[in-house]
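K.L.:
A single structure is presented below for examination.
Read the figures in this text as sums done on the coordinates, not as results from a lab. All values reported here derive from a predicted model rather than from experimental measurement. Glycine also receives a Cβ, built like all others from the backbone with ideal geometry; neighbour counts cover every protein chain displayed.
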Amino acid sequence: MSMTASPSFLRSGATGLALAAALALGACANAPLASAPTANPAVAAAPQEPVSAPPIEVPPSAIGRWYDLGAYDAPWLAGEGPAPASGASVPTRVAGLQRADGQWLALVLVQRVAGGGSTCPAAGRQDVADAAGCLRMRRDADFDHWLQQQNPVLARWIDAHGWAARPRAWISDRATGSGDAVEAVALVNPALLEPVTRNNYDFLVSGGTGQAWARQFARATQAAAAGGTLRVPPFPYSAPLAAPAPLATTPAVVTAPPAATAVQVNPPERAPRADRQ
């Protein structure tokens, strides 16, 4: 006798399977959703590096010693145009060339503000023609208190750190073509940039070498903004060495000669005259 399953059993079995499937779907629907896997979890979880100012590379010098003066959070020190950041929050790096007698011959600083843009300040008398970026230069930054009046934030910040020295030329360049605001500033003893001048004509024509150095400095700023190092170009001249200190000598003591003793000098005795004897 053959046995066949009854239709009622098939229907009840199908109903049970459907109910089990529905319960399973319901359980999945109530479960918390898992995070979607990332293509590269190690890259996705990598922390972002903090923004820092570009490093500074300096040329060799026979007239002094370069010092790494450190990294700071400083105010925006460019002095022209709107500041891309407020307060003392701008990553800044500083290097200085110091002579043996302690005088600062050159001071170089560079700043970076992430996403600060690269708009040049309005054109002015200090602009250097045919230069990369937004190059500006003042041959004598302290004449008529120009630096203190035009860029008091920079002047006060340098004074507060004890790096001020006169005379000094001011060179500043802002990088272009970058999403970040990158500004480099150099304060340099003019003797490093220009030959000795003896009259007004010499002074007028001697600025060419300083401007050539400033253009090299601008190109270095552009390279630093692109992710490189600010490589300070070598100076065309050597500043005078420090004057030797005077020899310590004991001053000669001048004493008055001893007072002479007074001696009574009597006139010679005269023989009596013959006509009066």
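K.L.:
Cut-off is 10 Å between beta-carbons; in what order do His161, His145 appear when sorted fewest neighbours first? Each step should come with its number before you reach the end.
P.N.:
Working: His161 15, His145 11.
Least crowded to most crowded, the residues run His145, His161.
K.L.:
Once both labels are modelled 7 Å past Cα along the beta-carbon direction, what's the Asp127-Ala100 spacing in nm?
P.N.:
4.5 nm
K.L.:
Now a separate question. Convert each backbone phi in the stretch 134-139 into a coupling constant with the Karplus relation 6.51 cos²θ - 1.76 cosθ + 1.60 (shift: θ = phi - 60°), then list the ³J(HN,Hα) values in order as whole Hz, x for Gly and Pro.
P.N.:
10, 6, 9, 8, 10, 5
K.L.:
In vacuo Debye scattering of the stretch 73-175, one point per C-alpha: log10 I(q)/I(0) at q = 0.16, 0.22 Å⁻¹?
P.N.:
-0.75, -1.40
K.L.:
Which whole-number percentage describes the relative contact order of the stretch 56-231, with Cα contacts under 8 Å and a sequence gap of 6 or more?
P.N.:
Over the stretch 56-231, the number comes to 23 percent.
K.L.:
Still on this structure, please answer the following. Under 5 Å between amide hydrogens, which residues at least 5 positions from Arg231 or on another chain qualify, with H placed 1.01 Å from N in the peptide plane?
P.N.:
Result for Arg231 returns Glu57.
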